[in-house]
Amino acid sequence: MALAGNSVTRPAIAALPNGKGVIGFTVAGADHYPSAGYIHFSRDRGHRGETVKIIANGLGPDDEFGAYNAFGTPRSRWGDYGAAAVDGNDIWLGAEYIAHGCTLAQYASLADPVAQFSCNGSRVALTNWATRISRVVP
């Protein structure tokens, strides 16, 4: 499975007893800020003929505020997990993505001390990624 100019990371797979299922993941690359995506598959056809679907488009780049200095090179802790679970005839997916597009000026604004470093409550101070939970019918 591939998406030209982009990467898919941290796949999570779930399937129903009838052989229909979903692979969920994070999409990031030339065409997408980190976004939540998935693809259908079936026991009979695999994922042939299917295209990657975006559940939630990322709204900005990973800002690296949450990075740490490992072995002298800062690296972001991006892509720690993906999740998939079956619930009756539905599949629930969990994927990392960027849920907002806050600018540095908004992040550091002194206008409202309560909102400072949280982009008006849309993020925590040191990371801008979020978890997208989505229901998908295979």
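Taking amide H atoms as placed 1.01 Å from N in the peptide plane, list the residues 5 or more away in sequence, or in a different chain, whose amide H sits under 5 Å from that of Ala56.
Ala36
When the accessible area of the chain is computed with all protein chains present and a 1.4 Å probe, what percentage of it is carbon and sulfur?
Numbers: 4480 of 8070 Å².
Carbon and sulfur together cover 55 percent of it.
Accessible area per residue, 1.4 Å probe, Å², for the chain: what's the number? Don't jump to the answer; show the numbers that get you there.
On the way: 8070 Å² over 138 residues.
Result: 58 Å² per residue.
Counting only chymotrypsin sites (Phe, Trp or Tyr not before Pro) that sit in a DSSP loop (anything but H, G, I, E, B) with at most 15 other Cβ atoms within 10 Å, what is the longest stretch of the chain containing none of them? It would help to have the intermediate numbers written out before the result.
Numbers: sites that count: Phe65, Phe71, Tyr81, Phe117.
Longest site-free region, per DSSP loop and neighbour criteria: 1-64.
Largest first and in whole Å, what are the equivalent-ellipsoid semi-axes of the chain based on the Cα gyration tensor, each being the root of 5 times an eigenvalue? Can you show the working numbers first?
Details: eigenvalues 211, 52, 32 Å².
Semi-axes, largest first: 32, 16, 13 Å.
Take the chain, mark every one of the trypsin sites (Lys or Arg not before Pro) that falls in a DSSP loop and has at most 14 other Cβ within 10 Å, then report the longest stretch left between them, sites excluded. Intermediate results must be reported in sequence, preceding the final value.
Values: sites that count: Arg43, Arg45, Arg48, Arg77.
In short, 78-138.
What list of ³J(HN,Hα) couplings, whole Hz, do you get for segment 23-30 from phi and the Karplus terms 6.51, -1.76, 1.60, once you set θ to phi - 60° and write x for glycine and proline?
My calculation for segment 23-30 gives 10, x, 6, 9, 10, 8, x, 4 Hz in order.
The values are calculated or read from the model by the stated rules, or taken from the named source; none is laboratory data. What you are looking at is a predicted structure, and each value in this text was computed from that prediction instead of being measured. Cβ coordinates were reconstructed from backbone atoms using ideal geometry, including for glycine residues, and neighbour counts include every protein chain displayed. Side chains are part of the model used for accessible areas, which takes the heavy atoms of the whole protein and leaves out ligands, DNA and RNA. Shrake-Rupley method; radii C 1.70, N 1.55, O 1.52, S 1.80 Å.
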